[in-house]
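The values are calculated or read from the model by the stated rules, or taken from the named source; none is laboratory data. All figures in this text were calculated on a predicted structure; none of them were measured in a lab. For neighbour counting, all protein chains shown are included, and Cβ atoms are generated from backbone atoms with ideal geometry for every residue, glycine included. The area values use the complete protein model at the heavy-atom level, side chains included, leaving out ligands, DNA and RNA. Shrake-Rupley method; radii C 1.70, N 1.55, O 1.52, S 1.80 Å.
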Amino acid sequence: MIDLVQRPRRLRTSPLLRKMVRETRMDPSSLIYPMFIKEGEKIKEEIPTMPGQYRYSVDQLPRALEEVADAGVTSVMFFGIPGSKDACGSGAYAEDGIVQKAFRKAKETVPELYYIGDVCMCEYTSHGHCGILDGDYVDNDKTLEYLAKIALSQVQAGADMVAPSDMMDGRVAAIREVLDDNGYERVPIMSYAAKYASGFYGPFRDAAGSAPSFGDRKSYQMDYHNRKEALKEVFSDVEEGADIIMIKPAMSYLDIIRETADAIDLPVAAYSVSGEYAMIKAGASLGYVDEDSMICETAVSIYRAGCSILLTYFAKELAKFMKEGRIG
Ligand code: PBG
């Protein structure tokens, strides 16, 4: 036997020991499951680019939410798909808007879950951009008024938390102000603080019918060459009063998650987006990779990078793997 002081394999000799020394710990309460709610009735349609994910009409929602709760997931985020769109996305803040109806129904039928609203305009505007247009440019300051209205209407309909995803400057402050002015000072804001202009959103835009009809989102979402700029975005959202900071997408941005987690004291969330989901589904359906292993390894890598909250379309599967002790 050679004289070795360090034998790292000593801590890998049994499953119980390996579990005891795990450095990354997580449980299902840290998962948020994104869902798509569509105008109409008796709709549960599978999203072609996201097999296993569905668009639901409001009447189908209680059953879907019960499945989420049964799986051990405690929080969901709603995206609305309206029946009609216009230039200023009025469906996003209408009292009988799709997402407002969804919050009311959800709170009434499955009150034990925690409900989050994505605050954005792209699913509701006829041009598919995340704000109000001035020519071809998204007008930042005019958009803020609308985002504040959207956030307020979601909270009035029952949302427990709002999450602005538009990437306009100053929107956290604008939303905080309108919520406080209306007596909702207890409702937290989870800011999509560093959101990159990403090819990984492709399947989502298909799911929500929210692709921009011209141009792209690069004048508001971040350039993926940039790292320091992400911290600038994060710090300004912290100063404006964000309660939780989100980084999006997750898998190609683990460095940003780590730096953010090291730099701030707020909870950090990461959104593993539609393209990340679709890649694993596609690879597994071809038999190239094992689906469950990929779900576990990618999710743990995102937590290991420093987030404590994960938004993912695999939330139900992950809750099961966590409960079984396969991860977590
Ligand atoms: C709305 C929004 C998008 C996503 C979340 N909120 C789409 C986009 O910015 O184009 C993407 C989520 C996903 O890909 O899973 N702005």
- Restricting attention to segment 67-99, the residues that are charged (D, E, K, R) and under 20 Å from the mean Cα position of the chain (by Cα) number exactly 1
- Tell me, which residue of segment 180-197 that is within 10 Å of the ligand (Cβ to nearest atom) and buried (at least 19 other Cβ atoms within 10 Å of the Cβ) is farthest from the chain's Cα centre (by Cα)? Tyr196
- Item | Subset of segment 140-155 [away from the ligand (no atom under 16 Å from the Cβ) and either outside any helix (DSSP H, G or I) or in contact (Cβ under 8 Å) with a residue 24 or more places away in the chain (or both)] | Asp141, Glu145, Ala148, Lys149, Leu152, Ser153, Val155
- Task: Out of Glu324, Glu291, Glu317, report the one residue that is open to solvent by 20 Å² or more (accessible area, probe 1.4 Å), among the acidic types (Asp, Glu), within 15 Å of Ala71 (Cα to Cα) and touching a helix residue (DSSP H, G or I) at 6+ places or on another chain (Cβ under 9 Å).
- Result: Glu317
- Item | Filter pass, Lys105 being open to solvent by 40 Å² or more (accessible area, probe 1.4 Å) and under 13 Å from Ala157 (Cα atoms) | yes
- Task: Could you please find all residues in segment 123-137 being open to solvent by less than 10 Å² (accessible area, probe 1.4 Å) and among the hydrophobic types (A, V, I, L, M, F, W, C)?
- Result: Cys130
- Message: Step by step: first the residues of segment 12-53, then only those that are part of a loop (DSSP other than H, G, I, E, B) and closer than 18 Å to Gly202 by Cα, then the one that is most open to solvent (accessible area, probe 1.4 Å). Which residue is that?
- Response: Pro48
- Message: Condition first: open to solvent by 50 Å² or more (accessible area, probe 1.4 Å), near the ligand (Cβ under 8 Å from one of its atoms) and assigned to a helix (DSSP H, G or I). Now tell me which residues in segment 201-241 satisfy that.
- Response: Arg205
- Taking segment 102-123 and the residues there that are within 20 Å of Ser165 (Cβ to Cβ) and assigned to a helix (DSSP H, G or I), the one that is farthest from the ligand (Cβ to nearest atom) would be Ala106
- Item | Members of segment 297-314 found to be part of a helix (DSSP H, G or I), within 16 Å of the ligand (Cβ to nearest atom) and not hydrophobic (A, V, I, L, M, F, W, C), listed by number | Thr298
- Can you find even one residue in segment 257-269 that is open to solvent by 20 Å² or more (accessible area, probe 1.4 Å), touching a Lys or Arg at 6+ places or on another chain (Cβ under 8 Å) and within 21 Å of Leu144 (Cα to Cα)? no
- Query: For residues in segment 242-290 being more than 18 Å from Met161 (Cα to Cα), of a type in the set (D, E, K, R) and in a loop (DSSP other than H, G, I, E, B), which is farthest from the chain's Cα centre (by Cα)?
  - Reply: Asp290
- Item | Residues (over 13 Å from Tyr220 (Cα atoms) and either touching a helix residue (DSSP H, G or I) at 6+ places or on another chain (Cβ under 6 Å) or touching a residue at least 12 places away in the same chain (Cβ under 8 Å) (or both)) located in segment 122-139 | Glu123, Tyr124, Thr125, Ser126, His127, Gly128
